Structures are given as C-alpha cells and as structure tokens.
Amino acid sequence: MTDSTADPSRRDVLRASGAVPLGAFAVDGTLAGATERAVDELEAALADVSPAPRPASFDGWRPGDLHCHTVNSHDVCADPTCEEPWTYGFTTAEQVRNAELKGFDYLAISDHNTVAAQSDSGYESSELALVGGYEHSLANGHAGIFGVDSVYEGPTDTDGALASLLGRVHADGGLGVINHPRTSISSVWEYGGPVGLDAVEVWSIAWYLRSDRTGLGSNNHLALEMYDAYLDAGHRLAAVGGSDSHWRITDPVGGVGTPTTWVYAPSGEATDVVDGIRSGRTFVSWDWNGPLVKIEARTTGRQYDLAVGDLGRRFGEHAAVRTIVSGASGHRVRLIVDGILAAETVVTTPEFVWETTVELEGDRPQNWFRAEVLYEDGATMRAITSPVYLTDDGRPVDPEPVDTPVDVPEFGEEARPGDTDSRCTCHPDGLRRAFYDR
C-alpha cells in the first residue's frame, strides 16, 4: 500500500477528486467541496485500512474486489511509450497485498484482454482466494470474465456473437459481468439486454462520480436503473461492484475495495466465490468495512426461507421481508420492490433487524425486491443487495425484450424530472425508476 507521506501529490489528488468525508455531501448528493480540513480527515481515515470485525450474522459472507488492474493492463501508463508502467500502476504482487491488508477473502485481477497476471510470481496468497479472470473489451461494452485462466477469442459485434462467446465461458465453469455499463470514461453497454451475462456491475469506483456533475463519471445511478429494468424484464442477475483500480495516484480515492463486493461463499475457495456470484448471493458496500446488509423473505409460514439470490413461489399479494444491517447506525435502509420504493426506515442500532411486509404486483411474471442502505442525507448510496425473486410456480420466467439506452449525461446537463437524489429517480413522483418508462 502506498504510504501517504511518501507521495507528495496525494493531497492534490484528494482535493481535485472531491473525495471528502461523507458528512460533506450536500442533501441532494452533490459534493460540498474538499476543504483542507476534509482532506486532513480523509488522509487520517486512509492511514488505517485494517478491516473491522464481522458480526456472526454475516458468517460465510466473503469481501473482495472483482475489478482491478495491474501493470499488465495497457492503460496504466501516463505516456504512450509505457516504458515504466510500474511508476503508474501496481504490480500483481502489490494489488494482492493491497487486498490482503484490507482483510479480503478473495480478489479477481481483471486486466484488459489478458490473464498475464496469473503467470506472475506475485500471483499467490495464503490469506485470500485468487479468482482467475480478465476484462474483455467487447465491440459494444466491457465485460468481466471470471473463473477462467485464458482469454476467449471470437466476434462480439452482435448480441448473438456475444451470447456464443458467453456460452463457451459458461461451459468451462466461468461467468460474465457487465462492467460499468453507463460510464462516460470508458465504454458504455450497447447490447440489447444482458445477453447471457450473469451479473451487472451496478457500482464502479466511487458512487458520487457522475458525468453531469463532475465531467467524468461511472454514473452508477444510471447503471442501477439499467439493472432494475433488466430485473423488471424477467432476468435474474447478481448485483456486484468493482473499484476498477488502475493507478497509484488514484489509490486514495479509488483503490482496491472501493466499493467491495460481498459474496456468500462458505468455503472461501475461488470456485465457491464464482458459484456464489452465479447464484446471486451478493451485496455491494462502500468499502471493506461495509455497511453490511442482507435480506431474507417468506411468502408463507413463519420461517424466512428465502435469501438473496433465491427464486421462490409467490403466494398471494404480499411477502414478509427481514432486513439485517450491520455498521450503519443513523443511516437509512429501504426496500425496492419491482422498481418501486416500497418501504424505508432509519437504522437505530449497530446490529439492526427490520421486519416488514411488502405488497407485490400480481400481474407480473416475476416479482423481485432488494435493499439499499443510504447515508443519513438519504442521497448517498452505502450498500446494495441483489434481489430475492418470486414467480407463480417458483420457476424462472422467459425474459421480455428490453432496450439499453446508450446516452450518458454531459457535464452541466439539466437533471431529468424527479432526479432529486444520487440514484437518479426518473419520474416526478420520485419512485418509478425503470428507464424504459421515462
């Protein structure tokens, strides 16, 4: 981990990035500005990256990062010659150590179109599982390919071609993730839906990076809209996050684990992590210390027999949901049901349990619900779960067609009606967020 005292440019990076403590966010989710005091506070927080103890209620949940790069990626250099990439990016051994220092249970190094890191001498750890993979530069977007030890070749210029490539990945036991689908920095997702991928990176780099407010941004609020629209269409996809860590200079504000993806993988083995993602047993948090959140549900009886990622049978028009939150006192937690903000409350204790009943739209082929934890201002995202799903017979449904818009907002662009928080709500009532209803 880079020592802050050894990098004189670090304070300038913190000022320029607007990476201020959460308390400095305005109510509407914009940045209030990085003062010298704010920079001091953030530097102090970054000085100790050690993880907090995990509560017993989250046993089996494994923290890690599914999206980070090393000097093996072509874009870690600040000059076109790339003669000394280690001065800009991290070596394989350094990224592994960065993850170990934060108490991670797994790490996936996702260099662009190469698995060279897996052959490096530094690709080893006695403290965490290394998940093989890479980031595939597709014709119309980027995808993380995991659980593999080689790069898959083939055309990706059409939905069918991409589905064919993903079929080979799945046959070999791997999975695919739609990476930063609404970014203004790299490549937006331009395919007609998830096209056979298993998860969506709903949180890339810092949550607050929006191109309409900062010029460049991962636009996570739009990625979450797209994700919800896919769920509405009948898809079942895991929600994941990734730091997309590339460079030493941005490590203070976008290093490994910001955000962190938690996967339910009791054994902690790399194959178990991949299976957990494939099963949708995930949640994403601000960093390696959380907050932690999960949901359980029941549609009949007294036992909460459905967990994140499960597909259950729908009985009637209601479902009971239990939300468990750790390390988020004073925050807000809310339930999103079929794209609607259905319930919300304040987290009042360090280990918080909230039981409530939500209403289901009975005319839908598939119902789904997930939880979000937000900062006290109700605008800054702190954690997101994957959903629980319900259908009439407890079986998967055939997804409906869904279009993926490719435009991203320009810097200074006027907000859409209802865009009152960092999740970019899309209707004046501030509830409905499926992008095809704009």
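Residues in the range 356-373 that are under 17 Å from Val240 (Cα atoms) and either at pLDDT below 95 or among the aliphatic types (A, V, I, L, M) (or both): Ala371, Val373. When Asp275 is tested against (1) modelled with pLDDT of 95 or more; (2) farther than 18 Å from Phe369 by Cβ; (3) assigned by TED's automatic domain parsing to the domain that holds Pro387, just one condition goes unmet, and that condition is (3).
Per-residue answers, yes or no, for (1) at pLDDT below 90; (2) touching a His at 6+ places or on another chain (Cβ under 7 Å):
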| residue | (1), (2) |
| --- | --- |
| Gly215 | yes, no |
| Glu225 | no, no |
| Ala229 | no, no |
| His235 | no, no |
| His246 | yes, yes |
| Gly257 | no, no |
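For Ala229, the conditions (1) within 29 Å of Val96 (Cα to Cα); (2) buried (at least 19 other Cβ atoms within 10 Å of the Cβ) all hold with the exception of (1).
Looking across the range 171-197, the residues that are more than 18 Å from Asn220 (Cα to Cα), of a type outside the set (A, V, I, L, M, F, W, C), surrounded by 15 or more Cβ atoms within 10 Å (Cβ to Cβ) and at pLDDT 95 or above come down to Gly174, Gly176. Quick one: is Ser164 within 24 Å of the chain's Cα centre (by Cα), surrounded by fewer than 19 Cβ atoms within 10 Å (Cβ to Cβ), assigned by TED's automatic domain parsing to the domain that holds Tyr230 and not in a loop (DSSP other than H, G, I, E, B)? So Ser164 does not fit the description; no. Checking each residue of the range 298-313 against the condition of being in contact with a Leu (Cβ under 6 Å, 6 or more places away or on another chain) and among the β-branched types (Val, Ile, Thr) gives no match. Just one of the numbered conditions (1) surrounded by fewer than 24 Cβ atoms within 10 Å (Cβ to Cβ); (2) not in a loop (DSSP other than H, G, I, E, B) is not true of Gly268: (2). For the criterion of being over 30 Å from Ala52 (Cβ atoms) and at pLDDT below 95, Thr81 passes.
The values are calculated or read from the model by the stated rules, or taken from the named source; none is laboratory data. Keep in mind that what you see is a predicted model, and the values were worked out from it rather than measured. In this analysis, Cβ positions are derived from the backbone assuming ideal geometry, glycine residues included, and neighbour counts consider all displayed protein chains.
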